[in-house]
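Input: a single structure, listed below in structure tokens.
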Amino acid sequence: MKITDDDLLPCEQFSAKRASEHLEREQEYERKARLARQTIDECEQEKRDKEADQAAFWKVVYILVHVAAAALVLFTIYRF
């Protein structure tokens with residue numbers, strides 16, 4: 001048997017309505033908290049990606065500088 005608002009006393013209707021509103025507020029809070037966590041996770045992922053890109057860039061620069069230095073040394077030694 002399903003209970004409807006008509007079966008409840010006025011004070012019970014008020015309590016049910018307040019409980020329903022409270023539940024809706026909690027669900028809205030949970031939704032906002034989930035969205036905030038997702039946004040934070042996305043920002044942290046972007047930061048990690050940026051750091052990885054920078055590390056890869058500096059690794060390439062490091063390699064190129066050493067290749068150029070080795071070429072300069074070899075050119076200087078075997079030029080004469």
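No value in this document is a laboratory result; all are computed from the given coordinates. Treat the numbers as computed from the prediction; the structure is a model and nothing was measured.
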From phi via Karplus (6.51, -1.76, 1.60), per-residue ³J(HN,Hα) for segment 56-65 in Hz, x at Gly/Pro: 5, 4, 5, 5, 5, 4, 4, 5, 5, 4
- request: Per residue of segment 18-28, in order, report the coupling 6.51 cos²θ - 1.76 cosθ + 1.60 (Karplus, θ = phi - 60°) as ³J(HN,Hα) in whole Hz, putting x for Gly and Pro.
  value: 5, 5, 5, 5, 4, 4, 4, 5, 5, 5, 5
